[in-house]
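Nothing in this text is a laboratory measurement; each read-out follows from the coordinates by a stated rule. Since the model is a prediction, treat every value here as computed from it, not as a measurement. A quick note on method: Cβ atoms are made from the backbone with ideal geometry, for glycine too, and the neighbour counts reach across all protein chains shown.
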C-alpha cells in the first residue's frame, strides 16, 4: 500500500513577508537590510516497526507524526508505504490535528502475523527562522498571519502548571533584570534559564518537560529547558508555544538521527513570534545571543504543542508530546521501534 501527499508549491511567508520566496529578499520597504536566511534541503526517511500485537487483539491503531509545510520548512514528495495487505475494514489516511499538526493514521481489524513496517519518505527544505527585531527594535518585522490558537499558548500544560509559585519565580527573574516590556521580560527569562540550567541527561526525571523538576534539578534536556521558558513567559501573560521534531548535524552528508529536539517561540505585539532555543544556547555558549531570535536550519519540525490529542483521538491519555510513532492494541499502548535517516541534497 502506498499513500502519497500532493506536492505543495508553498510560498515562504515567514521572516521575509508574504512577497518572499525561498531564495530571495522581501520585496518591501527595508528589504535590502534583511539577510537571506540559510536553508538546507534533505531527504528524510522514517521507519516505524510495529510488533505483532498480543493474542486476542481486535483493533490495532497506529499514528505517525508527519512534517508539514509552513513559513520555515517546505515538505515535498511525501509518501507513506506499509508492508502489510489491508483487509476491507482497514482504514488509513492523512489526518489533521490541532495547531496544524499532521499525522498518518492506520486502523486494522485483522492483525498482522509479522511485524508491520510503516515507511515515510519526503524531501524537506528547512529555512533558518530569524526575527531580527528580537535584538534590534527598529529592524524589519515580518508580516504574519494571526495565530488562531493564541489563547492556548497562554494556558498551562499538565507538566507546566501556571500556579502562584511559578508566577512568583518568573516575577523574581524579571524584577532582578529590571525588565519592563514583554520583550525585555522574555529576554530575562531566556538568559536566566541559559545561565542556571545545565544540559545533562544523566539520572532520572529529565526529558519530560516537567517545570518543577527542571526548576529544582536545574538540569535536563531541551524539553526541560523550554518548560521553564514557556511556563515563565505564560505566567506573565506572554504567549509561548512549543515545537518538536528532529535535529540534524551541522555537517552536510547523511546518517541516522538518534533522538528528538524541541524549541520554543514567544509572542509580543511589537515583534510577532520570536524563536528561541535555550538548550542549544546552553550547549553552544558562543551562540547564546543568536538563539534568542533564531532557529537554525539544522532541524525539521513534526508537531506543535503538548498534551496532544491525536486524530482520531487515541484511547489513552493525551501525549506529553508527539514526535515518535504511537500505537495502541485494543486501546493499550504498544511499543514501536523507530529509525530516522537523512541524506542532504547536493547543491542545496
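Numbers below:
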read-out	value
Potential extension, residue 269-residue 180 segment - 0.36 nm per residue separation minus Cα distance	30.6 nm
Using alpha-carbon coordinates, inclination of helix 182-196 to the longest axis of the chain, degrees	70
Crossing angle, helix 222-235 versus the chain [Cα axis fit, 0-90 degrees, rounded to tens]	60
Most to least packed among 94-100, 50-56, 262-268 [average Cβ atoms within 10 Å]	262-268, 94-100, 50-56
Angle between the chain longest axis and helix 164-177 axis [Cα atoms, degrees, rounded to 10]	40
Answer label for volume of the Cα convex hull per residue in Å³ (calculated), chosen among (1) 122; (2) 142; (3) 171	(2)
Exposure proxy order (Cβ contacts within 10 Å, fewest to most) of 226, 295	295, 226
Rel. contact order, % - alpha carbon contacts under 8 angstrom, at least six apart, the chain	23
Extension gain from residue 286 to residue 143, taking 0.36 nm per residue of separation minus the Cα-Cα distance	48.5 nm
Label-point gap, in nm, between residue 168 and residue 59 - each point 7 angstrom along Cα→Cβ	4.6
Gain upon complete extension [residue 85, residue 339; 0.36 nm per residue less C-alpha separation]	89.2 nm
Residues 215, 233, sorted so that the one with the fewest Cβ neighbours within 10 Å comes first	215, 233
Over region 221-315 - Rg/Rh using Cα atoms and the Kirkwood inverse-distance radius	1.00
Neighbour-count ranking [beta-carbon atoms within 10 angstrom, fewest first] of 340, 104	340, 104
Region 129-296, relative contact order [Cα under 8 Å, separation at least 6], %	27
Region 129-296 - Kirkwood radius from inverse mean 1/r over Cα pairs (Å)	16.2
Estimated 222 nm signal from helices in the chain, with DSSP H stretches of n ≥ 4 weighted -39500 (n - 2.57), rounded to 500	-5000 deg cm²/dmol
Distance (nanometres) between label positions extended 7 Å along Cα→Cβ at residue 109 and residue 195	6.2
